[in-house]
Structure formats: C-alpha cells, structure tokens
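This report concerns only the one structure given below.
The values are calculated or read from the model by the stated rules, or taken from the named source; none is laboratory data. Note that the structure is a prediction, hence the values are computed from the model and not measured. Using ideal geometry, Cβ is built from the backbone for each residue, glycine included, and neighbour counts are taken over all protein chains shown. Side chains are part of the model used for accessible areas, which takes the heavy atoms of the whole protein and leaves out ligands, DNA and RNA. Shrake-Rupley method; radii C 1.70, N 1.55, O 1.52, S 1.80 Å.
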Amino acid sequence: MGILFVLLPITLILAGIAVGAYIWAHRNHQFDDLETPAFRVLFDEKQERKEENES
Amino acid sequence: MQQIEHKETVRASACRHCERELLPGQSEFCCAGCATVFRILKDRDLTDFYRIQQMTQGSAPDLRDRNTTDFSFLASNTYHEQYVSELANGLFKVTWYLRGLSCAACIWLIERFLDQRAGVRDHRVSLSAATVELTFDARFDAIGMAEELDQFGYRVSLNERPEEIDDDSDDLLRLGISGALAGNSMLMSLPFYVGLETPGYGALFGWITALLSLPVLFYAARPFFRRAWLLFSHRLLTLDLPIAVGLISGEILSLSQLMRGNLNGIYFDSLSMLVFFLLLGRYIQQQGVQKSLLHTRQLVAAMPQMVKRADGDGWKAVTAQELKPGDRIRIVGGGLVPVDGRLESREAILNLHVVSGESVPVLRQTEELLPAGAINLGAAFVMKVNTTFCDSDQERLRGLAQTLKNRVCQENESPMAARFTAVVTIAALSALVFHWRSNPELAWQSALTILIVACPCALALTRPTAMSFALAQAARSGIWIRSLDALDEAARIRSVIFDKTGVLTSGCPKIVREHWQTPHQHWLKGAILCLEDGLNHPVAHAFRESFHTTPALTATEVRVQPGYGVSGIVEGRRIVIAAPQGLPRFGIHSDHINAQLKRQNLSSDSTHVLVVVDERLAAAFELRDRLLDDAAATISKLRADGHALRVISGDRPAHVVATCSALKLNDVQGGVIPTEKLRLMIEAVAEDRHVMMVGDGLNDMGAMACASLSVTHTGATEAALQFADIVIPQGGLLNVATLMDLAKRTKRAGRNGMLASVTYNLAAISLAWFGLIGPLWAALLMPLSSLSVIAIAAATVKGST
C-alpha cells in the first residue's frame, strides 16, 4: 500500500495539469467562438495551395 | 474561372452571384447589384468566394431592392465617443454588426477586404454573433470600408457594446473546474464505497477529497451563495437557498466527521457532484437564452441617422440627437423624418405606415406638421424642427413603452420553488429534532441526507431543459424569444389583438386587377417600368413586382409630381402614370377618359392608378394592400384553438373592414390613433389578463408595451424590435400559432418533469427522514433523478412535431 504515497501525488499533479490547461485555454478565448474557426480551416488550405502554385 | 463554369452547369437559370432563380428576360444576373459584385470579385481575383460558398452550402446576401445607407455617422464625434474605444499607442477598437453575414464564404470575403484595407491592424469576424471586431489606427477610413461592405450586401450597423452578456464566460470556467474536481473526488472516494478498512489510508483519502472540494465550494459554487443571500435578504425563498444551506452544512459536517475519524460521514464527492450538475443545468439554460439574445441584438443594431442641417449657406451633417427646435433640416428622398417639425417646402409625400398605420402615401403641404418616423417618398424637402429628439413623439412613445415594460417585468420565481424550499427545510429540521434525543449522529445524518437527496436538482433542471429545448426548436423556425417569461406567457394567452398594416397584410400595396385598353401590353409594361425606374414609391414597387421584365427602353423628360404621379416621353409617346385625381396636374382634362373609366367598373375599396398614352387611357390598375399568404391559415388556426381575435388598426376604417372581412374577422376597429390604441389595450388587459399584441409600427408601441405579450416581425420598426418579447420572421404570421403550440408543449413538459421530480422527492425524503437511506444513496439517486427529468422534458417538448 506504500505505493499510494507515490501514486496519489502523481494523480493529483496530472489532474492539476488538466485543470491548468483548461484554465489557460479559457483565458486565451479558445471557447469564445466555436463556430467560425471551423470554417477558417478551409480558407488556409486554399491559400497555401496558391502559394505553392506561385513558387 | 474553373469553379464558375462548374457552377453554371449546376443551375443554368440561377443568378451567377447569389444563385437565386432568374426571372424571364434576365440572363446571368438577377439584379444590377449582383452583376457589379461579380465583376469586382473577378477583377480582384476573389472568385474563391464561390468555391467556398459551394463547399459550405452558404448563400450570398440578397442584393435586390436595397436602399442605400448613409454611413456619415461613422465620421461623427458621437460615433467616436460612444462606440470606439481607444487602446494604447494610437490604436482604436470597435465592434460592428454585419447584417447579411450568413456563411463561411462571407467570412472569407470580408476578411480579404479587411486585409486589403489601409489602417486595419487586426480583425476578428464571428459568424455566430454576426460581428466584426476591428483594431485600427488613424489611417483607417471607416465610411469607405462600410460602403464597400454595403455594396456586397453586408450592412454595417451598431449596437451598445456587448459587454453585459459576457458574464457567462466565467460560468464555463466554473463548470469545467467543478466537473474535473468532482470526477477526481469521486475517484478518491472509491475506497469508501468498496469498504476500505485500514484506518490510516482512509483518513488520507478523506483529506484529499476535502482538499478537492474547497475550490468547488469557494469558487464554483459562489453564484449559488450570492443569489441565495441576495434573495434571502429580500425575503424571497428560492431554490438557491436549500442548495446553499445543504452545501455549507454538508461541508462542515463532513469536516467535523473527518476530524473525528468517522469515515462514513464524509460526502465531499457528493457535494462536488451536486455543484457540477447544478452548474450544468444553469449553463444549458443560459446557452439557449443567449443565442436568442444574440439574435435580437443583431436585429436591433442600426446605423444612427445623420441629418443635413442648414449651416450658413450650406448643409452640414449632424446626428438627430443634436437637433434643436428652430433648426432647418433637409430630408432627401427615401429619408426618415428624425424629429417632429413643420414643412417649409411646398409639399412632401410621406409614408406614415410606422407612425399611424396608414397604408396609403400621404401628401403634406407647407406649414403642416410632419411626425417623426415618417419616410419621404418624394423629392427632397426642407423642414423646420419643432422639438428635440428626446421630446419627439417617437421617442416619447418609446420611453413610455419602456417604463410600462419595466413595471410588468418583475421577478417572477415560481411559487413552487418557495413551497419546496419550505417543505425541505421543515423536513430536515424536524428530522434533526426528532432523532436528536435518541441518536444525535443519526439526527445529523438524516437531516443532511434530506438536504442532499431532496436537492432541487431535478426541480431546478425541469424548467431550464424544457425551455432550452423549446428555444432551440423556436429558433429553427426563425422565432426569437426574448425571455423565458415570454415563453411562459405564450402558453397562457387567451386573446390576440392584431395590427393590420404590415402584420396581417404585407404593408406594400400590390396590383390586384389590371384593365388593359391597348394591344401593346408588352411595350407599355416596359415603358411603365422605365418611367418608374429608381422611384422609391409603393406604386413603383408594385409595378416592378408585378411585371417581370427588365426596362429596356429609355424615357426622357421624366417628371415626378409627388403624390400625384409621374410623366415622361418614351419613343416619342407621352406617358402619364397617375391617380385619377392627379390627371389635371399633368394637363389632362378629358371627359373621354372619365367615361372610359366608368365602364371599367373599378372597385371602390382599392387604390387606382391610370396609365395615359398620348391623352388616351391605355390601362387602369387596382392596387390593394394584400393579405399575407398565411394570414387566413393563421387566423383559422388561432380561432380553432379557442382564442378571441381582434384587429385594431390606424388605417382608414373602410380599408380595415374590407381586408378583415376576407378573414371573417368581426371584432375590427379602424382609424385608431396610437393613444386610443393604448387605451383599448389597457381595457383589454383589465378584462382578460393574458392578451397578446402583434404589431410592427410606432403606433402599436404603447399597446405592445401594455399587452402581456408583444410580438413583432423582423421587418418592423427598430423601436418595436427593441422591446418586443418575441420576434417572428417577416411574412411568417403562422409562426404566431406555432409559437403558442410550442409554449403549451413546453408548459406540459415542465409539468411532467415537475411531477416526476415531486414524486421522487417525496419518496426519497420520507426514506431519509426515517434514516432508511444514508447520504451515499442520496448522492447516487440525485443524478439519476436529474437525468430522468431531462429525458421527460425533451420527449414532451419534441411532442408531435
């Protein structure tokens, strides 16, 4: 059972990292607009293709 | 080019820009606007627009029949003070609303425009909010940008800064954190559930869950404490109160048990889960409301009007708010009269539709009063301002409406919640007292179990889930509901009062009968259209809509006599289009024409327009403000549902009666002035508390504010849009009936869910009271009941549709 003293802190740290990442994403407005960025992917692809054609 | 050819093969008879069906005689484009836009996109190598549009199945904005907008407000001081915020190092920031922004291709195009503009430093286009957030420097030309976007069908408009609705971003954070901590906390509590006996380790797990519960309690659950306290201090019992009491006493009890080493009495995981579920319910509800709010924001966003005020020798553009009594202002054709005043020019032809509900254009002579809200249908005129903007009738009505509205909108928490709170508190207290003598531990435990198991979770979730399902369903048919109370009220409505012009009818007259006196119909149609080309008069619109040909001829010496008609020469022939009483104005005095007219047998309740070619009557048209296509269906549906129906209109009584008899409506009043309308509405509400008013003009606003529920459509006056409870799509009157059905189903869903929840609560509380179940069971039962309530609500709202 002594292994718990190693495993428990690891669990808590992992959970802490996940919550931290969530807070970070939230502060960076990642959840503000869930609709528009999905479409923006389509535009980028085309622009890159154009650049390739030009080069 | 490749994509465009592909597009053509898809639909040959569609406009190459907007893909709308082409009318006979049109090739490639449906209107001049589309042709211009297509050419510009091609010149600038932006034809990818069509590719993206096709890929995402979007649609380009409708460019037909648009009025041009005056964007000079974007250069005024008022704009910079009220809408623009200054950032550091010479940068500015502003949020524009964009009407017409509807698809991914629109975003792509707008972003390309913004990239090419000088002075734009950063931009963020949001599809869901239909806004663009601009960061710009001093080089930025706002008017030029707005005009460019307008040309492509994206109309820039403004609204107050959308800060007040940002509140929910914190909710998402709270929700996420409580979810993560509750999950971990459950994991750590697993040893208790499976019966961990080793004392040292048990305490370790206990302390970890206690640690995890702290952020949940102190951060995530804060809104509940705040609201419970706020409402408690106002002596109101709400569902937040037992939640707050349960959370605090649960935490304290668990802590004391943990310190005493009693591991069976700690419930940190249940408490965290409770908070998570409650936040989830709140979040779901808010998402629904917010979507609705967002849309109404887009609807009421507008471009404040600039007026030309006499300034020395010339005219200077100012905002309507800056006008003072005595100012002379010039109103261009198609312009809106911003404040009350008197006419200085010889005459003006006005559309008073939004002011009084009259459907026929009205002629005003020098020195006559011009009400704010009137639209200039003729040539530009000069008027003298009588009042300030805030004192004009339009603003007064709006202010009155707002006050009335505020009075009606009071906190309306259901009495069910208060009763429930009282019952739970009494049950918990009595259990505590009853068991105290025999077994203090059991006393605490059963009291806590009652607080947890009777968690109003299910009760609190019923309404939000049913409501958000309903809001989503309403939004799909284009109905926007301002508040949840409005949806509640829609289920209670017993009588409906309609405005006529613009609500039951389209608001613009249409040609109902044509009497041709000439064999050259096709030529004459073309001639009429080229004479009326570019005129912003209801009759001109009626001709354009009725004749599906493009004007190929050219007219010379075109003369418009506001209020009477238009004349001109086409291919050597003099053509006059006028009302019968307007003919003498064009020098036509022919008894012959009058005699011809008599034979035509024109009906007396329609407006007549004559076309005279070289002094001879060539055609006569009867125009009438036509009923909407679904007006009859709506009326009969509402009647079948047992609603009392009534029409109160400001239009001439003869017109109102003629229109409404077609709908078999008997309770009809015409020629009603706005204050009288308000009085009639107050009477109606006093008689029967649940009256719905469907209106769209300024003259309806008083009545709409008094009604227990006000409905308007997307084409209504901005003022009406700003405070109507419910907005339906223009021309979709049947949505009124749909809405009431939906509201009734929602109410039923709420009731079913409530019933299930009450049954569950009664059973669980009695079990807990006798100490038959412990907090562990309570924690397990609670989410189960919540889930079943959500399922019941969803199934009932979906109903038969």
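Overview of results
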| quantity | calculated |
| --- | --- |
| Amide H within-cut-off set for B:Lys510, under 5 Å, with H built and near neighbours excluded | B:Arg624, B:Asp625, B:Arg626 |
| Fraction of alpha-carbon pairs over 23 Å apart in the range B:509-624 - percent | 19 |
| Estimated dipole of the range B:72-158 in Debye, rounded to 20 [Cβ of Lys and Arg +1, of Asp and Glu -1, Cα centre] | 160 |
| Cα-Cα separations in the range B:465-547 greater than 18 Å, expressed as whole percent | 65 |
| Residues B:Val423 and B:Ile682, FRET efficiency given R0 of 22 Å [Cβ-Cβ distance, rounded to 0.05] | 0.05 |
| Pairs beyond 28 Å (Cα-Cα), from B:Lys664/B:Lys744; B:Lys510/B:Lys637; B:Lys42/B:Lys316; B:Lys598/B:Lys677 | B:Lys42/B:Lys316; B:Lys598/B:Lys677 |
| Estimated FRET transfer efficiency (B:Trp229, B:Asp313; beta-carbon r; R0 51 Å; 0.05) | 0.20 |
| Contour minus Cα-Cα distance for B:Asp171 and B:Asp629 (0.36 nm per residue) | 160.4 nm |
| Percent of alpha-carbon pairs separated by more than 18 Å within the range B:590-711 | 62 |
| For B:Ala618, residues with placed amide H under 5 Å, excluding near neighbours | B:Val611, B:Val612, B:Val613 |
| Cα principal axis extents for the range B:306-391, largest first, Å | 36, 26, 20 |
| Chain lengthening between B:Thr135 and B:Leu214 when straightened (0.36 nm per residue, less Cα-Cα) | 24.4 nm |
| Chain pair A, B: total accessible area buried, heavy atoms, 1.4 Å probe, Å² | 2500 |
| List B:Trp777, B:Trp315, ordered by accessible area with a 1.4 Å probe, largest first | B:Trp777, B:Trp315 |
